Amino acid sequence: MRLLVATGNAHKLSEFGELLPGIPLVGLDAFPPAPEPVEDAPDFAGNAILKARAAFERTGAPTLADDSGIEVAALGWGPGIHSARYVPGTDADRRAALLRNVGDAEDRRARFVCVIAVAGLPEGLPLPGGLERRDGCVLARGVVEGEIGFEERGANGFGYDPLFVLPSGRTTAELSSEEKHAVSHRGRAARAILPVLRAHFGA
């Protein structure tokens, strides 16, 4: 028995392999292709649930999906769930648009948010504090606080990492993979749900 990670992205599957040591993982490419669900929920949890349930119902395999993004005070705590679609184009285009729209705002607070949803776990599985059940899924949430810098720094990471300045003064793009996993929103959500997955998979 393996945990299906609802992604066709080899990088993300590898990242979850590092974040969930001992849990046997498989990606969507191990199953026949199917249309991706429309992510039209109003929040990160809703979108993660949509993806997890769709893949679980199609494959019958316990399925993990996540939804994440950046929230910026100067943008009314957007772009949030629209982070990956903030503007058309590449990650670099989206970073440029965010930096342009934040401008020289004094309040540069920001946070990365990740919600992990796992569908197909037994209802009676005990949940540690901080986790919840919703719409047939177990949910874990991870948040990391920081601020938006005035310029890009760092060559690691992806997405908005070169703009996100941690309390240490470094951007998440200036961290090694190991350092990033220790503080990132996805790392925090993964660590929260790992005990449940270990209990289920006997890892």
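The values are calculated or read from the model by the stated rules, or taken from the named source; none is laboratory data. The shown structure was predicted, so the numbers you read here are calculated from the model rather than taken from an experiment. So basically every Cβ, Gly included, is an ideal-geometry build from the backbone, and we count neighbours across all protein chains shown.
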Can you name the number of the only condition in (1) on the phi > 0 side of the Ramachandran plot; (2) surrounded by 15 or more Cβ atoms within 10 Å (Cβ to Cβ) that V102 fails? (1)
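Of the residues A92, A97, only one is surrounded by 15 or more Cβ atoms within 10 Å (Cβ to Cβ), without any contact (Cβ under 8 Å) to a residue 40 or more places away in the chain and more than 21 Å from F201 (Cα to Cα); which? Spell out how you get there, then give the answer.
Details: A92 fails: surrounded by 15 or more Cβ atoms within 10 Å (Cβ to Cβ).
Result of the check over A92, A97: A97.
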Mind checking whether some residue in region 28-42 is part of a loop (DSSP other than H, G, I, E, B), crowded, with 16+ Cβ neighbours inside 10 Å, more than 18 Å from the chain's Cα centre (by Cα) and touching a residue at least 40 places away in the same chain (Cβ under 8 Å)? no
What are the residue pairs meeting all of these: first residue in region 118-133, first residue small (G, A, S), second residue part of a strand (DSSP E or B), Cβ atoms under 8 Å, and 6 or more apart or on different chains? A119/T63; A119/A65; A119/C137; G120/T63; G130/A140; G130/R141
Considering (1) over 26 Å from A54 (Cα atoms); (2) surrounded by fewer than 20 Cβ atoms within 10 Å (Cβ to Cβ), say which one S184 fails and leave the rest. (2)
Pairs only if they're at least six apart or on different chains, beta carbon under 8 angstrom, first in region 157-168 and under 15 Å from A84 (Cα atoms) and of a type in the set (G, A, S), second buried (at least 18 other Cβ atoms within 10 Å of the Cβ) and at pLDDT below 95; list them, first residue then second. G157/K180
Scanning for something crowded, with 20+ Cβ neighbours inside 10 Å and part of a strand (DSSP E or B), does region 73-87 turn up at least one residue? yes
Pair list, Cβ under 9 Å, 6 or more apart: region 1-17 residue loosely packed, with under 12 Cβ neighbours inside 10 Å, other residue part of a helix (DSSP H, G or I): M1/H200; M1/F201; A10/D29
Of the residues E57, E15, which is out of contact with any strand residue (DSSP E or B) (no Cβ under 9 Å at 6 or more places or on another chain) and assigned to a helix (DSSP H, G or I)? E15
Consider A192 carefully, then state whether it is in contact with a Pro (Cβ under 9 Å, 6 or more places away or on another chain), closer than 24 Å to A41 by Cβ, surrounded by fewer than 22 Cβ atoms within 10 Å (Cβ to Cβ) and not charged (D, E, K, R). yes
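Could you check region 18-30 and list, in sequence order, the residues that are closer than 22 Å to V183 by Cα and touching a strand residue (DSSP E or B) at 6+ places or on another chain (Cβ under 9 Å)? Spell out the reasoning first.
Going residue by residue through region 18-30, those that are closer than 22 Å to V183 by Cα are 18-23.
Selection gives L20, I23.
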